[in-house]
Each structure stands twice: as C-alpha cells, then as structure tokens.
Amino acid sequence: MMTLKKFQYDTLNNLVISPQLALKLSHIYELRGKQYHLEQTKIATLERLVDVAKIQSTDSSNRIEGIYTSDTRLKQLMERTTRPHNRSEEEISGYREVLNLIHDNYHDIPINTNTILGLHKQLFRFTNSTWGGSFKDTDNQILTQFTDGTSELRFSPPAAHITPILIAELCESYNAALQEEKFSPLLICAAFIFDFVSIHPFRDGNGRMSRLLMLLSLYQNNFNVGKYISLEKLIEETKSNYYETLAHSSIGWHENTNSYEPFLDYFLSIVLQAYRELEERVDVTTETKLTVAQLIINHLKAQVKPLSKSELITLIPQFSQKTIERGLKNLRDENKIEIIGKGRSTKYILKLN
C-alpha cells in the first residue's frame, strides 16, 4: 500500500543546509538589500525593466511548454491591441492576465486551494476549455520530452481522486512553515513549487501555474526580483538543468524520502542570477553621458556575439524601445552595424571595417 504523501516542511525531509546553499542564500539576501536602494533611486529605469520582464516571462513560460507566437503578435497581445488568433495566443493571453494580476495584487492573494483554482481558471479564460479552474479528473504522468521527438516517463503524480486533499495539505504546510521560520522563506517557496509540480494537479497548465505561483510566493516574501528580471526566461535558458533537478528530487517522493536539495540548489541559482542581472543592468544606467548608439556599440563589443533587439532593450533599460530602434537604424545607416538572420532570429553585429 502506497504511503500518503506528507509535506514535512518543519524539517524539509531532514534537509542539511550545505555550504553551497548557505552561500547562495547569503548572496541573495545581500543583493536584495541593494535592490531596495535601487527602487528608491532608479525608478524610471526599473519601470522599463518591468515592461520587458512581463513580455519575456509570458513568452518564455509558454515557450517551455511549446506555446509561442511571433514577436510582433506577442507585443500586440501584451499591449491588448489585438485579439488572440489561435489556441497558442489564447493561452499566452491567459498567462498575461494572471501575471498582471500577481504583479498588481500579490499582497491580497492568499496561497490556498481557492487561489490556485482561480488562477488556473484565469489562465484558460480565453480558450474554449471547460476544465480551467478544476483539478484533474483522470490520472496523469510527467514525461521528459527529447529533441528527437521521443519521450520517457519521469514521474507518476498522485491519483486524481486525492489531488484536492494533497493541494489543501500542501498549502497548509507551506503557510505554517513560513510562520514557524525554521528555514529561509526562499527554501520554503522552492519546496512548495517542487511539490506542486510533483502533484501535477491539472490536466494542463501545471508548469505555467508552478512558475506563476513561484512569482507569487517570492513577491509575498519580499523577493520581488522577478518583477524586473524574468525568472521564466532564466528557467527556459537552463531547461535541461531544471528537468534534471526535478528528476533527482523526485526520487522517493511518494514515500516521503526524497531529497529537496537538488531542486533547492537550482531554484536558488535562478534567483541569484536574477539579482545579479538586475544589478548589472541598472549599473549600466550610470553611463548617463553615453548616447544610445554608443551603448549599443559597447554591448555588441562586450558580449562578443550577435544580439537581438529584445536583448539590447533588456541591456539598455534607461532608453525606451523606440529610442533603441532609432539608434539601431542610425547605426545601420552609418554602416557601423549589420543584420544577420530574419524574423525571430534577427540579430545585430558590428560591421567589420
């Protein structure tokens, strides 16, 4: 007979915090302190980063699940200047709505069963799906998809009929652990997200919901770097590591013997990278005497690789998108840069003299 899963957040399954975990936690708290100062002194720059992060988060979180559209259509959907044209765009629009809801109202969104069901319903509000906002009614599996089109079973989530019980207990354990303060909220958030993914409570949208709940839980615990730097994009860029650590931490999950450490370590790495990128991007704004063209040239030299327009917009937050586009056009007219690729693959490189 299978042991019913218990969420032992008072011990995190007897987790021993390694020096590596401790060091990452220390760096994150240090950089969070610096972010508080930036939010008082770099308001305009951070506001531009928010807009960029929302687009990147919506794009990346959906692309991880094989859902995407063109850059132009994505921008229009984010700005609500067009309606979704297909199922992918309907799901992208739903993610946009939930993401904005979390950005604007995270203080007033309790983490419980009703919230999870409500956010899931919003995620699929633009589709004709009838199961948005309802837990799965059939058992499911978590598969690892490979680039050659094959897949393998990674994990068998709990049965559908016990899903509501497990989600209720998960939320209760999460909230109690935050009150007890035996572990850093970062570790509790990471364990919560991992266990949510492991329960896999919905027919569809589990991955996207996990990343939205990640943002919500981090915001509520005063780690809001995801507001300015897309955590979803960082996860997309390290997708193989993401799935690998999920697999390692899943061993023994049903029997309550799994180790959270592999996933916690990955989670902290993503958060730490986001804080470091925030510091780097805002530091660029100290170069106030440089023109947008000079900054574009500097970044193309420093990165030693072609950069897309979206990458340059992210790297140069003190200038608007239109200003950067104008700078790119001027540099092309002056024969200082050139374009390679087309469509989503369009990038810019320095022109060799």
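The values are calculated or read from the model by the stated rules, or taken from the named source; none is laboratory data. Computed from a predicted structure; not experimentally measured. When we count neighbours, we look across all protein chains shown, and the Cβ atoms used for this are built from the backbone with ideal geometry, even at glycine.
Of LEU4, LEU23, all but one fail to be modelled with pLDDT of 95 or more and surrounded by fewer than 18 Cβ atoms within 10 Å (Cβ to Cβ); the exception is LEU23.
Of the residues examined, ASN298 is one that is modelled with pLDDT under 85, surrounded by fewer than 16 Cβ atoms within 10 Å (Cβ to Cβ) and part of a helix (DSSP H, G or I). Restricting attention to region 102-130, the residues being within 14 Å of ARG208 (Cβ to Cβ), of a type in the set (D, E, K, R) and not in a loop (DSSP other than H, G, I, E, B) number 1. Listed here are the helices (runs of 4 or more DSSP H) enclosed by region 1-101 that have at least 3 residues being without any contact (Cβ under 8 Å) to a residue 60 or more places away in the chain, of a type in the set (A, V, I, L, M) and touching a Ser or Thr at 6+ places or on another chain (Cβ under 9 Å): 71-78.
Of ARG276, ARG281, ARG326, all but one fail to be out of contact with any Ser or Thr (no Cβ under 8 Å at 6 or more places or on another chain), in contact (Cβ under 8 Å) with a residue 12 or more places away in the chain, among the charged types (D, E, K, R) and within 19 Å of TYR228 (Cβ to Cβ); the exception is ARG276. Suppose we filter GLY341, GLY327 for residues that are touching a helix residue (DSSP H, G or I) at 6+ places or on another chain (Cβ under 6 Å), of a type in the set (Gly, Ala, Ser) and not assigned by TED's automatic domain parsing to the domain that holds SER60; which single one remains? The unique qualifying residue is GLY327.
Take the conditions out of contact with any strand residue (DSSP E or B) (no Cβ under 6 Å at 6 or more places or on another chain), under 30 Å from SER156 (Cα atoms), assigned by TED's automatic domain parsing to the domain that holds ASN222 and surrounded by 15 or more Cβ atoms within 10 Å (Cβ to Cβ) and apply them to TYR68. Does it pass? The answer is yes for TYR68. Restricting attention to region 217-273, the residues being part of a helix (DSSP H, G or I), surrounded by fewer than 22 Cβ atoms within 10 Å (Cβ to Cβ) and of a type in the set (Gly, Ala, Ser) number 4.
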